[in-house]
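K.L.:
Could you have a look at this structure, given as structure tokens, before my questions?
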Amino acid sequence: MSIALSIRLPDILAKELSDIALATERSKSFLVQKALEVYLHDQADLQVSLDRLRNTSDSVISMEEMRKEIGL
């Protein structure tokens with residue numbers, strides 16, 4: 001199932017999207033969907049990182065300790 005979504009883009013961004021769609025022979029909808037997927041994945045990774053950073057029960061090791069641990 002898919003849902004239609006209407007968005008407004010600044011002229012310059014709309015032009016870039018059109019240019020890339022033409023150059024890659026992909027639809028603008030396809031490109032926006034892929035960009036949104038990447039953005040949402042990155043945001044999820046960021047949230048996990050921030051949660052772990054703020055977790056005071058999670059141990060913190062130095063770069064030197066990490067290198068020793070992985071054999072570098």
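K.L.:
Taking the condition of being of a type in the set (S, T, N, Q), within 25 Å of the chain's Cα centre (by Cα) and outside any helix (DSSP H, G or I), how many residues in region 25-72 meet it?
P.N.:
Step one: list which residues in region 25-72 are of a type in the set (S, T, N, Q), which gives 27, 29, 33, 43, 47, 49, 55-57, 59, 62.
Next, only the ones that are within 25 Å of the chain's Cα centre (by Cα) stay: 27, 29, 33, 43, 47, 49, 55.
Those left that are additionally outside any helix (DSSP H, G or I): 27, 55.
Result for region 25-72: 2.
K.L.:
Here is a further query. Is region 20-39 home to any residue that is farther than 25 Å from residue 4 by Cβ and not small (Gly, Ala, Ser)?
P.N.:
The answer is no, given that none of the residues of region 20-39 is farther than 25 Å from residue 4 by Cβ and not small (Gly, Ala, Ser).
K.L.:
Continuing with this model, one more query. Only residues that are surrounded by fewer than 10 Cβ atoms within 10 Å (Cβ to Cβ) and aliphatic (A, V, I, L, M): list them for region 14-37, please. Steps first, please.
P.N.:
So the first thing to find is which residues in region 14-37 are surrounded by fewer than 10 Cβ atoms within 10 Å (Cβ to Cβ), and the list is 23, 25.
Scanning region 14-37 gives a single hit, 23.
K.L.:
Determine whether region 55-72 contains at least one residue that is loosely packed, with under 10 Cβ neighbours inside 10 Å, out of contact with any Leu (no Cβ under 8 Å at 6 or more places or on another chain), on the phi > 0 side of the Ramachandran plot and not charged (D, E, K, R).
P.N.:
yes
K.L.:
Which residue pairs have Cβ atoms closer than 9 Å, lie 6 or more positions apart in sequence or on different chains, and pair a first residue in region 32-44 that is under 15 Å from residue 17 (Cβ atoms) with a second residue that is of a type in the set (Lys, Arg)?
P.N.:
Close Cβ pairs satisfying both conditions: 34/26.
A short reminder: the numbers here are calculations on the coordinates, not readings from a lab. Treat the numbers as computed from the prediction; the structure is a model and nothing was measured. With ideal geometry, Cβ positions are generated from the backbone for all residues, glycine too; neighbour counts draw on all protein chains shown.
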